[in-house]
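Novice: This is the structure, below, for whatever I ask next.
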2 protein chains.
Amino acid sequence: MSKHMVLMDEHELKCINRYWSACNYLAAGMIYLQENPLLKKPLEACHIKQRPLGHWGSSPGLSFTYIHINRMIKKYDLNAIFIAGPGHGAPGVLAPVYLEGTCSEIYPDKAQTELGMRNLFKDFSFPGGFGSHCTPELPGSIHEGGELGYSLSHAFGAAFDHPDLLVAVMVGDGEAETGPLATAWHSNKFLNPIRDGAVLPVLHLNGYKINNPTVLARISHQELEELLKGYGWTPIFVEGNDPERMHQEMAQALETSIKSIKDIQQNARTKNDTSRPRWPMIVLRSPKGWTGPKTVDGHQVENSWRAHQVPISKPAENPEHLAQLESWLRSYQPESLFDAEGRLLPELAELAPRGTSRMSANPHANGGLLRQPLALPDYRQYAVMASRAEGALHSNTQPLGCMLRDVLSANPNNFRVFGPDETSSNKLQDVYTASKKTWLADRLPEDDDGGELAADGKVMEYLSEHTLEGWLEGYLLTGRHGFLSTYESFVHVIDSMFNQHAKWLDMSKKVSWRVPVSSLNLLITSTVWRQDHNGFTHQDPGFLDLVVNKSPEITRIYLPPDANCLLSVADHCLRSTDYINVIVCDKQKHLQYLDIESATIHCTKGLGIWDWASSDAGSEPDLIMACAGDIPTKEALAATQLLMHHFPALKIRFINVVDLYKLTPDSEHPHGLSDKEFDRLFTTDKPILFNFHGYPYLIHRLTYRRANHANLHVRGYREKGSINTPLELAIQNKIDRFSLAIEAIYRIPGLRNIGAHVQEELLNRQLACCEYAYEHGVDMPEEDEWQWQK
Amino acid sequence: MSKHMVLMDEHELKCINRYWSACNYLAAGMIYLQENPLLKKPLEACHIKQRPLGHWGSSPGLSFTYIHINRMIKKYDLNAIFIAGPGHGAPGVLAPVYLEGTCSEIYPDKAQTELGMRNLFKDFSFPGGFGSHCTPELPGSIHEGGELGYSLSHAFGAAFDHPDLLVAVMVGDGEAETGPLATAWHSNKFLNPIRDGAVLPVLHLNGYKINNPTVLARISHQELEELLKGYGWTPIFVEGNDPERMHQEMAQALETSIKSIKDIQQNARTKNDTSRPRWPMIVLRSPKGWTGPKTVDGHQVENSWRAHQVPISKPAENPEHLAQLESWLRSYQPESLFDAEGRLLPELAELAPRGTSRMSANPHANGGLLRQPLALPDYRQYAVMASRAEGALHSNTQPLGCMLRDVLSANPNNFRVFGPDETSSNKLQDVYTASKKTWLADRLPEDDDGGELAADGKVMEYLSEHTLEGWLEGYLLTGRHGFLSTYESFVHVIDSMFNQHAKWLDMSKKVSWRVPVSSLNLLITSTVWRQDHNGFTHQDPGFLDLVVNKSPEITRIYLPPDANCLLSVADHCLRSTDYINVIVCDKQKHLQYLDIESATIHCTKGLGIWDWASSDAGSEPDLIMACAGDIPTKEALAATQLLMHHFPALKIRFINVVDLYKLTPDSEHPHGLSDKEFDRLFTTDKPILFNFHGYPYLIHRLTYRRANHANLHVRGYREKGSINTPLELAIQNKIDRFSLAIEAIYRIPGLRNIGAHVQEELLNRQLACCEYAYEHGVDMPEEDEWQWQK
């Protein structure tokens, strides 16, 4: 489309191309060189790193795009950040970041000098140095991209509620094959042109992955255009390999895109028009390893998968390869780009923006700089009446919905609630009275009857856990706050994203200039124990087993037993930074154990003895009945009551655990109890029954070093499920009141002999409950309606 | 498009509509009724289930499609199966399956009688009964759909290498928002019209999810058409709500689709034309809850999210609702569909296919019926020379590539190899000499130089772990064999799919008429310990922590320490059924410890003492050095050697574990050692150092009940990583030779006092190694090249 338009005059064109040459030279240098960075001397084997590492393939396209966006930033005074989706793209980003000075400002040993350049080269993809992805150490990065697929959802998360921000996001065509990326294109149905910023995707048709062509580069132009239009975008194609023409076309494509974005925003903002725009995007089809060696050893390298990583192998050992590498490096004419001291020549340096206009120094990419603490209502006002024996059941999550509603109201521009089509199902529907669901796709009249849709909603619902998690991460990393609720079983969909975000936070904490960001708050609900007709597929409490693998500096796990505890925990989590807070709490109606003050104290301690449910009165107990999780708590209480009824003299200590990491030694996690504290609670020699929400082994994993571990007997989900009533499911997995009481009789010295008839009675009641469930499809009323009565 | 064509005469139209009414009646009956199935009596509260459960919303569209495909099966004698993607769609599939007789044949209590119908109704979504997804208990199902997103990839897996099969797959528009589904549309670039069957997707624009409209139903017709064409399909739209017109249009759309499929296949097969066809697909836009109540309590229900689940609530308690339910049920005129005994009237019954032509009785949906064991070469022929002290390193995975090559050759129609762009990277590239990578997207001349692409390849590579896993599951469940390799860190992408497949297999084993299918073989490679420039994002060995949560009847974990052990393990896995075999083995070059006969014996035992590395000579050892995984094994061996060098009299027992479940008690897993066997190996009182591949806690989890657990000290990955050399990464996480030897000196009674100087010397060597790595970017040669020399 730009064939007849020339946006840049010859001088500008030449300069931008030289700037790009400088980027490409640096990228290649990072992969290969440990000395002689300016090639002042002929290239020798000793200048080559012992093990050249890094990825050349996507670098030229990345820096090409980066510097053209720089041009737009300067021309239009844009506020922009850059997200690099393609794998191992760091050289293509590090290069322009170094050239615009940010790298040297933050890392003085990487100054714009010959030594600084040598250090940049040597430390790239080197122990203790820069990674080959856009790691937290890289200024301007909010997206590492080690695992592929999340660049686009991160970009949207960054743009939400930042009306002046432009998020330029390079999407790799390999990455584009992943599921998370494939569905993230639809994020444009959730971006409001009035209150949100703009996302400008550049789909990089680099052509090849590690060893294969990419699918999107091997379908017809027409199909690709239809696909992107079908996703709701207006694609602009920049295709070719001649740098001169490509610079002009990219400049034109960006002019068109920026103009279109400005028009869309201006129209929407002046006319209050929230109809869905067809936002522009760019398709950049350029050769993989562009400007690199055309062929090596007779095989095509440029524009081939062979350009993916190190294009010329073993130059230190192979003189021919050394010569080819030197000739390639010299093709960029470093002496015409840098002065003798290693500084970029002034006429080139001035092409970059200045100060915080540089994408690498934009505070949005170090979101803690912008982060304002949430204005939080007093969570106590949402408390429910504790009514463990009064028959007034209450949903555990519904009061949290009220609290989140008021958090939404009090923080209109920096807080959002996320959930995959399940906010109502998870009983958080009160949020809609403060803010509706964001929706810019088509509307129908019937939506007005309870649809809760609005262009300016702050509740984000889309049936892709990947997209929601990506949006939320992008939102947090650019300085805001959020809360995601999801079905327990399907949180595994984002296991890998959780892992990667935990790793990002863990690394970020070690990067001195990164300012803490808000924690990622994840409510896991619709839990294993209340699946009813959903069945076996919806029963998986194993996410916690993954969480505990990640750094103790980052991970927190809470299992509030009732609504008031959930409020207290949520309030704590919403104030915290740099954690991933995982909260497990069921959405259904349950008994409510603690009033709000007791709940606050209990949650602050993280675990504790419930005196009202205990009979040891501070003396040595016969048994410790411990529990974590709402439904296991109820069953443990019922079991305690059964035991007290049959054995009134029995001394039972009832312990509820909210903060799971309390169980682990303090040497392993900052929340861990000291052995002394643990032993005081759990004794060193009394039997412990622990009724756990998840897979039972997790409790053993956390406690195996404790003195009394040999006496710890854990019940939890054991993969026994189908269509069950709640009590029958508990029975199948032996976390029910009867199983616990029967086990307790077995475990308490002296009770086993005299308790056989009680065990038999309990077993009969258990069987009767199962039979009732199989006959009626619901639980036996007297058991279902069990309440605490001491 | 069918406006002027009428395919069905009035009689046929009337019959098919009555058949559909029967389906809808049954679906509604399943949700509500426990008695009075034929409505012979006026509906009363006592006829209603105590807790009506199930999902009405997607059922009518599902059965509508099912019976129209039946029409095609009868007309064209098709060989077809049906995959239901929409969530909770079981009533819409169970209904036609019951009507065509399969259900009654398999479950005699669900006969086509009044009592049988009552049993069908009552047992639906009821403890012990049918689930509300298409569970393994449902005849004809290979896809449960409890978790959404995998219907389309399952369908393609089923169609591969089944040239005569038609896989009709209903894709829900909620499901279509998931990432895995969004990228699976591109599977058409991997389907060969000559050797593979056809996949006919029916995208069901049902309009709503649980509480929201769906995105695909709320974009313009033009955008949707572009999107699907962009994905490479030829969409045919069937849109409306008038049953009569919709029946004609669906009949026409299916005629067009089947004709197009036949034309494509005939053209390809007669002309050997493997150019990529634009396969037909259908978009069915119909109201959610079609034919159900229009409004309830003044709110729109039909064509709204309110039709999702139980459309009329609490009819047993609310007389108005009871009346509305009765009127809805009677609108299908059950008395005109079933005779007084409850049997479908003959003129309707004859609409269904017969015998195995019924989709519910097609043997492809009970794949074990079709499964032939693999023709397997003798794995011993790929053995490498064991050379633990001869300096001849060998990739652990490359010989497996040779074996898989010959498996491909010997089993041309029922075995495929899967990997996300990483088959070569994982050193399995020898497979290409037997079969190339399937590729029907565009080809370029340069592909001929090592591209290894072919339309008839059997190696499946696409950068979506979701799609590969889905293809493989579909392939296995329809009676074939496969092998998937993937990067360790990113296997977490398919955590949830693993969970769901494990649950499917677990349930299937309990369904008497399901015949065992081939195991899912998953090689996890490019492991945590050899990430080099990939860094922290690529370091996550936590998949195993998930695997152990699933049923011991299903899961197997192997950590072969070298190439020959990997061959032996792989041979075993390829012969097995109904398991998920997880094999962890690094791809890089390593020392080779065992010759093939020793490897076979070792792997068959699953763990064992390596006499050649031990110095206890059968007597009581001072220390047990145990290990699992290739790199931990090398470090444990080096540590053992260091200890023997410094303390020649020390008695060390060296144990290597291949089959991880050997560690767990035999009461927990069929592979578990008895306590007696375990104690014989690990003693009851000697210190054990266990060097583990993954997170160390997993070993504690498996062994906490063992007598000697208190003396077990585990080393493993502790989330300490960045850009590291292999040895330096080991040191960071304390699995290296020095850390182990230092720890051993500390743990062995009597050695601590005399060994302090050795500890100091080892510490210095360790520090020197780190310094060398940070200086040179590679490991210190003498340590890197360490070999076993006793």
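Read-outs: derived from the displayed coordinates by stated rules, not from any lab. None of the values given here were measured: they were computed from a predicted structure. Here the Cβ positions follow ideal geometry from the backbone for every residue, glycine too, while neighbour counts run over all protein chains shown.
Novice: What share of the DSSP beta bridges in the protein assembly as shown is antiparallel, in percent to the nearest 5? Please list the in-between numbers first.
Specialist: Values: 24 of 148 bridges.
If I count the DSSP bridges inside the protein assembly as shown, around 15 percent turn out antiparallel.
Novice: How are the C-alpha pair distances of chain A spread across 10 Å bins, as whole percents from the shortest bin up?
Specialist: 3, 13, 21, 20, 16, 12, 9, 5, 1, 0
Novice: Would you list A:ASP586, A:ASP679, A:ASP164, A:ASP571 from fewest to most Cβ contacts within 10 Å?
Specialist: Least to most surrounded, the residues fall as A:ASP164, A:ASP679, A:ASP571, A:ASP586.
Novice: Tell me which trypsin sites (Lys or Arg not before Pro) from the range A:9-117 have a DSSP coil assignment and no more than 15 other beta carbons within 10 Å of their own.
Specialist: Qualifying residues, ordered by number: A:LYS40.
Novice: Further, regarding this structure: How high is the relative contact order of chain A, in percent, with contacts defined as C-alpha pairs under 8 Å that are six or more residues apart? Before the final figure, lay out each step's value.
Specialist: Details: 1697 pairs, mean separation 87.0, N = 790.
Reported as a whole number, the value is 11 percent.
Novice: Give the relative contact order (percent, whole number) for the range A:560-719; include only Cα pairs under 8 Å separated by 6+ residues.
Specialist: RCO, the range A:560-719: 22 percent.
Novice: In the range A:471-567, which trypsin sites (Lys or Arg not before Pro) fall in coil by DSSP and have 16 or fewer other Cβ atoms within 10 Å?
Specialist: Those satisfying the criteria are A:LYS510.
Novice: What fraction of the DSSP beta bridges in chain B is antiparallel, stated in percent and rounded to the nearest 5?
Specialist: Roughly 15 percent of the beta bridges in chain B run antiparallel, per DSSP.
Novice: Quick check on chain B: helices-only [θ] at 222 nm, where DSSP H runs of length 4 and up contribute -39,500 (n - 2.57) each and the sum goes over total residues. Nearest 500, please.
Specialist: Values: 25 runs with 284 residues, N = 790.
My calculation for chain B gives -11000 deg cm²/dmol from helical runs alone.
Novice: Rounded to the nearest whole Å³, what is the per residue volume of the convex hull around the Cα atoms of the range A:607-784?
Specialist: 107
Novice: My understanding is that a pair violates if its Cα-Cα distance is over 29 Å; which of B:LYS436/B:LYS550; A:LYS209/B:LYS229; B:LYS437/B:LYS734 do that in this structure?
Specialist: Values: B:LYS436/B:LYS550 35 Å; A:LYS209/B:LYS229 24 Å; B:LYS437/B:LYS734 40 Å.
Beyond 29 Å: B:LYS436/B:LYS550; B:LYS437/B:LYS734.
Novice: With only Lys, Arg, Asp and Glu charged, each at its Cβ (+1 for the first two, -1 for the last two), find how big the charge dipole of the range B:636-686 is about the Cα centre; round to the nearest 20 debye.
Specialist: Roughly 320 debye for the range B:636-686.
Novice: Still on this model: To the nearest 20 Debye, how big is the dipole of the protein assembly as shown about its Cα centre, given +1 on the beta carbon of each Lys and Arg and -1 on that of each Asp and Glu?
Specialist: Working: 150 positive and 192 negative charges, 24 e Å.
It works out to roughly 120 debye.
Novice: What is the magnitude of the charge dipole of the range B:202-322 about its Cα centre, with +1 placed on the Cβ of each Lys and Arg, -1 on the Cβ of each Asp and Glu, and no other charges, expressed in debye to the nearest 20? Mind dumping the intermediate values first?
Specialist: Working: 15 positive and 14 negative charges, 106 e Å.
About 520 debye.
Novice: Shifting gears a bit: Placing +1 on the Cβ of each Lys and Arg and -1 on the Cβ of each Asp and Glu in the range A:379-590, which of A:ALA455, A:LEU400, A:LEU520 has its Cα farthest towards the positive end of the resulting dipole?
Specialist: Value computed over the given set: A:LEU520.
Novice: Something else about it: Please return the longest range in chain A lying between exposed loop sites, taking GluC sites (Glu not before Pro), DSSP loop only, at most 16 other beta-carbon atoms within 10 Å, and leaving the sites out.
Specialist: A:45-316
Novice: Looking at this model, which pairs from A:LYS587/B:LYS314; A:LYS75/A:LYS271; B:LYS14/B:LYS75; B:LYS122/B:LYS510 are more than 23 angstrom apart at the alpha-carbon?
Specialist: Checking Cα-Cα distances, A:LYS75/A:LYS271 exceed 23 Å.
Novice: Rank B:LEU751, B:GLY672, B:ASN764 by how far each Cα sits towards the positive end of the charge dipole of the range B:607-784 (+1 on Lys, Arg Cβ; -1 on Asp, Glu Cβ) and give me just the farthest.
Specialist: Checked the options; the winner is B:GLY672.
Novice: Could I ask something else about it? Select from A:PRO561, A:VAL547, A:TYR579 the residue farthest towards the positive end of the dipole of the range A:379-590; place +1 on Cβ of Lys and Arg, -1 on Cβ of Asp and Glu, and compute about the Cα centre.
Specialist: Sorting the options by dipole projection puts first A:TYR579.
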